[in-house]
Amino acid sequence: MPKLQEILLLVGQLNYTWTNTESLLIYLIAGLAGVDKETAIVIFLTLNTPRARIDLVERLAKMQKIQSRQRSEILDVTRELSTQSKLRNKYNHCIYSFDPESGKGITQLMRIFESKDEIKYGKIESLDDNEIEKIKESISSLVSINKKIWDITRKYEFPT
């Protein structure tokens, strides 16, 4: 099943790239909060979700003491990271199914969608070439975000 192997490798690469990039928020927290790296690590690890970590960085960047150029650069990069989190979350919160003969795959999201009168769950989507390309693009975007965070960290001399 070459398609299954390709998708699993890509999802693994997506997760690795995401985690590596998200961990760089530690340096943004340290620099913006004016704390050392060790303290920033404790803050980062205390927050349980990527959303909470991104929210903290954005709120720190929006403080009046932060220069507008620095604020803009940091908010741009956190917004890019938030955009990439959607695809990463999709592939981390789904069940994968593959047809052993054709190699075609589907994902079934393990999330409840609730409206006023009903609930739906388990949205099914095809794992086609278009989805594979989205994963590859997301990995590439995360690599770019990673470099931008390092550039910001160096430029503003945040603790590393």
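Here, each number is a calculation from the coordinates, and none is a lab measurement. From a predicted model like this one, the values you see are computed outputs, not experimental measurements. Cβ atoms come from the backbone with ideal geometry, glycine included; neighbour counts cover every protein chain shown.
Here are the numbers for the structure shown:
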{"read-out": "Å³ per residue enclosed by the Cα convex hull of the range 106-160", "value": "145 Å³"}
{"read-out": "Packing-based order for 141-147, 106-112, using average beta carbon neighbours within 10 Å, highest first", "value": "141-147, 106-112"}
{"read-out": "Translational diffusion of the range 1-129, µm² s⁻¹ [Kirkwood Rh, Cα pairs; Stokes-Einstein; 37 °C; 0.692 mPa s]", "value": "192 µm²/s"}
{"read-out": "Longest site-free stretch - the chain; sites: GluC sites (Glu not before Pro), DSSP loop, at most 12 other Cβ within 10 Å", "value": "1-100"}
{"read-out": "Pair GLU114, SER140: separation of 7 Å Cα→Cβ label points (nm)", "value": "3.9 nm"}
{"read-out": "For LYS104, residues with placed amide H under 5 Å, excluding near neighbours", "value": "ASP99"}
{"read-out": "Cβ-derived FRET efficiency at R0 41 Å, TYR16 paired with MET63, nearest 0.05", "value": "0.80"}
{"read-out": "Spin-label pair SER72/GLU133, simplified geometry with 7 Å Cα→Cβ offset, distance in nm", "value": "3.3 nm"}
